[in-house]
1. For region 121-226, give me every one of the helices (runs of 4 or more DSSP H) that falls completely inside it and has 2 or more residues that are within 15 Å of residue 7 (Cα to Cα).
2. In this structure, does residue 167 turn out to be of a type outside the set (Ser, Thr, Tyr), touching a residue at least 40 places away in the same chain (Cβ under 8 Å) and farther than 25 Å from residue 33 by Cα?
3. Residue 291 passes all but one of (1) at pLDDT 85 or above; (2) in contact with a strand residue (DSSP E or B) (Cβ under 7 Å, 6 or more places away or on another chain); (3) in a loop (DSSP other than H, G, I, E, B); which number fails?
4. Limited to region 111-139, what total is found for residues that are in contact with a Leu (Cβ under 8 Å, 6 or more places away or on another chain) and either among the small types (Gly, Ala, Ser) or farther than 15 Å from residue 230 by Cα (or both)?
5. Any idea which of (1) over 22 Å from residue 371 (Cβ atoms); (2) without any contact (Cβ under 8 Å) to a residue 60 or more places away in the chain is the one residue 150 doesn't satisfy?
6. If we keep just the residues of region 349-378 that are out of contact with any Ser or Thr (no Cβ under 8 Å at 6 or more places or on another chain) and of a type in the set (D, E, K, R), which is modelled with the lowest pLDDT?
7. Looking at region 273-286 only, could you name the residues that are in contact with a Gly (Cβ under 8 Å, 6 or more places away or on another chain) and either of a type in the set (D, E, K, R) or within 19 Å of residue 361 (Cα to Cα) (or both)?
8. How many of the residues making up region 117-172 are of a type in the set (Val, Ile, Thr) and out of contact with any strand residue (DSSP E or B) (no Cβ under 6 Å at 6 or more places or on another chain)?
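The values are calculated or read from the model by the stated rules, or taken from the named source; none is laboratory data. Model, not experiment: these values are computed from the prediction. Because the Cβ atoms are built from the backbone with ideal geometry, glycine has one as well, and the counts that use them run over all protein chains shown.
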Amino acid sequence: MSIFGGIDVGLHRSFPCVIDTERRELRFPDAACSIPGAVDWFELQGVAGVAVDSPSGLNRGRLAQHLPNNTDINTNRRVAEFRLGIGGCYGTPATMPEIGAHNGWMASGLDLYQQIGDRLTWVVDHGAGDGRLIETHPTYAFKALLGRNTRIVHDLIKYRPDPQLRLRPKGTPVGRRQRMDLLLLAFQEMGWDIHVPELSLRNGIDWIDATICALVACWKSTRPQEVLAIGDDEEGSIFLRFPQTPYDLPDAPALRPTPAEGPGGENAVLLRLGANGPGGMTQQDTIDLTLHALEEGECWVPVGSTTNFNLADNLGVVNGNLYLAFGDTLRLCVRCDQCLDLAEQEHPYPGDHENPWPVDSAPRWIRADNVLEVNIQDFSTRHAGQWQHGFANQRALLWGQVNGGPPANG
């Protein structure tokens, strides 16, 4: 077996490619394809396996068997998505999506699995190693090359690829450049001199995603000890490669910009959200969904506080640096580029994309352009006129200073 395919599935157009390990070639069709056209092209190429950027099956409710009762927010997705922190509108539904719906591309993906299976008499590998069709996720396939953290939630292992949050959103120039760099590193690892016109010319994000999918299909055959099937062997798994030695990616510009400071040295707004996140989500689910939504192209974070303050003006003073605190810990930094500050009314989700949150409206929405996790050691507030770690009082909104440690008293 020497030819492996990958495809980025879209609602109306899909983007296939193949990796030919014998000829050391990366090949693309002349243009994006329909689903039948992609199946025709794969058959013509003689593929031995294909990795697809789309769910391989519907949500069968398997996650509810692992989590406690009253987990409606958490179980509106498959086990695979829960284990990678994918949620909200990005979760796989229990019924077939309508073609015109926001997640209609999933219907196209399921159609692709069916057509390839019928044409080539293949089955989908849900994690048992018994099929040539596999599911992957391009963003997480790139992140997995940069390492991982794991933790156990109930009886499930959850994975955090790219634990240092080095990979930027794919909609940014930096993010696209990073993905190209990772592809070049992957081909160099294979011993290829991949300065081929295809990779330099086909640098649209859909073709980049298709290429990493093809690499995952190739790695499943050539480096099986490093490829994990994350999910559930009845409901479906997402295949990712975690190299024994993570790839080294040059650092991008800092996520956290040099902040402006208020008259008293404040350089951040600290907003306390209580013990949980929006809509009753757990702290970790709030973090996961925020990171994933931003990666998918847009992230408006709902802020449920009704405290009467001018959040937009305060954020302007500190260059948009908002830190969200859950209970007595500080868990998320949101670099804001816009704030809808509506003190006396609730406002529906203001974004152009589907609302990923379990709430339809909120008093305020914060649009993020960068997000990262932070620790409680990173911030200080004023206690009796002095900067110290921790919260000074129980107010929902606090001025703070974030610099990794308390500044000099003043």
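1. Those helices (runs of 4 or more DSSP H) span 138-144, 205-222.
2. Values: of a type outside the set (Ser, Thr, Tyr): yes; touching a residue at least 40 places away in the same chain (Cβ under 8 Å): yes; farther than 25 Å from residue 33 by Cα: yes.
Spelling it out, residue 167 is indeed of a type outside the set (Ser, Thr, Tyr), touching a residue at least 40 places away in the same chain (Cβ under 8 Å) and farther than 25 Å from residue 33 by Cα.
3. Of (1) at pLDDT 85 or above; (2) in contact with a strand residue (DSSP E or B) (Cβ under 7 Å, 6 or more places away or on another chain); (3) in a loop (DSSP other than H, G, I, E, B), only one is false for residue 291: (3).
4. 6
5. Condition not satisfied by residue 150: (1).
6. The residue in question is 378.
7. The first filter runs over region 273-286 and keeps only residues in contact with a Gly (Cβ under 8 Å, 6 or more places away or on another chain), leaving 273-275, 278, 283-286.
Residues satisfying the conditions are 273, 274, 278, 285, 286.
8. Here is the first cut: in region 117-172, the ones of a type in the set (Val, Ile, Thr) are 121, 123-124, 134, 136, 139, 150, 152-153, 157, 172.
Within this subset, residues satisfying the condition of being out of contact with any strand residue (DSSP E or B) (no Cβ under 6 Å at 6 or more places or on another chain) are 121, 123, 139, 152-153, 172.
The total comes to 6.
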